[in-house]
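Q: Attaching a single structure in structure tokens format; questions to follow.
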Amino acid sequence: MRRLRFAVLVALALASAFCRQDMQDQPKYKNLRGSAFFDDKRSARPVVEDTVARGSLWQDDRFTTGKADGKLVAALPVPLTRELLERGRDRYGIYCTPCHGLTGNGMGMVVQRGFRQPPSFEIDRLREVPVGYFFDVMSHGFGAMPDYAAQIPTADRWAIAAYLRALQLSQRTTIADVPASARPALESPDAPAKAAPLPVDVDDWRRAVDEGPTEPPEREH
Ligand code: HEC
């Protein structure tokens, strides 16, 4: 028995030595590289007609289009939770602040460098639009603003739309709107940092900008 086990181990060791493959030599396609395998010579395959990718079957039109019977929805088609708002804040920080600014006043860094200034989210007209409008602007773009349908998945666009409402609210609240139990936290000296941590560590970011990339960019062979 023991001898048999030994023989199997030796056989396995030999076999694995013969089918060695180095990591730098991976059988994979790089983006847009041609393929000798497919008739149309493209390695990027088109979506098969009449199929839906796993996890992408949404049967609620309000969720996918932001509209019901052709009209923009006034209510969120997803449950409003703390997680949703936090996700929205996170995604807003990534995708929208370069132009709209952290508070939504339309004075993001790209605008300060000359891009067309968007309206503040705080103006009455945008306070009165149904929440589906925000979803629609992100999905289809608006004027000088490009659409973000390709970059931001549907569920995240709703998270951002919900967060825009929170941003609007945040600009016109008074201490009376804060539940009594949460007020002491606001009065402590480090309250602002606690209440709204920035989506990125600003110090890290500044350091990265000052120092520039530390490694040369990776080369494609
Ligand atoms: C590259 C800059 C840029 C980015 C990034 C950007 N926007 Fe905009 N946005 C604009 C500009 C410019 C306008 C005004 C467009 C116009 O009036 O032509 C605008 C307008 C809007 C409006 C108001 C439309 C109206 O009726 O006036 C909303 C809502 C909006 N953006 C949401 C977003 C959201 C949400 C994001 C992030 C997913 C985002 N934007 C990212 C530049 C940007």
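Q: Looking only at the range 104-116, filter to residues that are in a loop (DSSP other than H, G, I, E, B) and buried (at least 17 other Cβ atoms within 10 Å of the Cβ); which one of those is farthest from the ligand (Cβ to nearest atom)?
A: ASN105
Q: Continuing with this model, one more query. Can you run down the residue pairs with Cβ atoms below 9 Å, 6 or more apart or on separate chains, where the first is in the range 164-180 and surrounded by fewer than 12 Cβ atoms within 10 Å (Cβ to Cβ) and the partner is at pLDDT 85 or above?
A: ARG172/GLU122; ARG172/ARG127; ASP177/LEU169
Q: Residues in the range 37-64 that are in contact (Cβ under 8 Å) with a residue 12 or more places away in the chain and within 16 Å of ARG157 (Cα to Cα): how many?
A: Adding up the residues that qualify gives 5.
Q: Counting only residues that are farther than 11 Å from GLY66 by Cβ and near the ligand (Cβ under 6 Å from one of its atoms), which one in the range 130-151 is surrounded by the most Cβ atoms within 10 Å (Cβ to Cβ)?
A: Of everything passing the filter in the range 130-151, TYR148 is surrounded by the most Cβ atoms within 10 Å (Cβ to Cβ).
Q: On to the next question. From the list ARG87, ARG127, which residue is in a helix (DSSP H, G or I), within 12 Å of the ligand (Cβ to nearest atom) and either without any contact (Cβ under 8 Å) to a residue 60 or more places away in the chain or touching a helix residue (DSSP H, G or I) at 6+ places or on another chain (Cβ under 7 Å) (or both)?
A: ARG127
Q: Let me ask another. Does GLY93 fit the bill of being touching a helix residue (DSSP H, G or I) at 6+ places or on another chain (Cβ under 8 Å), part of a helix (DSSP H, G or I) and modelled with pLDDT of 95 or more?
A: no
The values are calculated or read from the model by the stated rules, or taken from the named source; none is laboratory data. Fair warning: this is a prediction, and the values are worked out from it, not measured in the lab. When we count neighbours, we look across all protein chains shown, and the Cβ atoms used for this are built from the backbone with ideal geometry, even at glycine.
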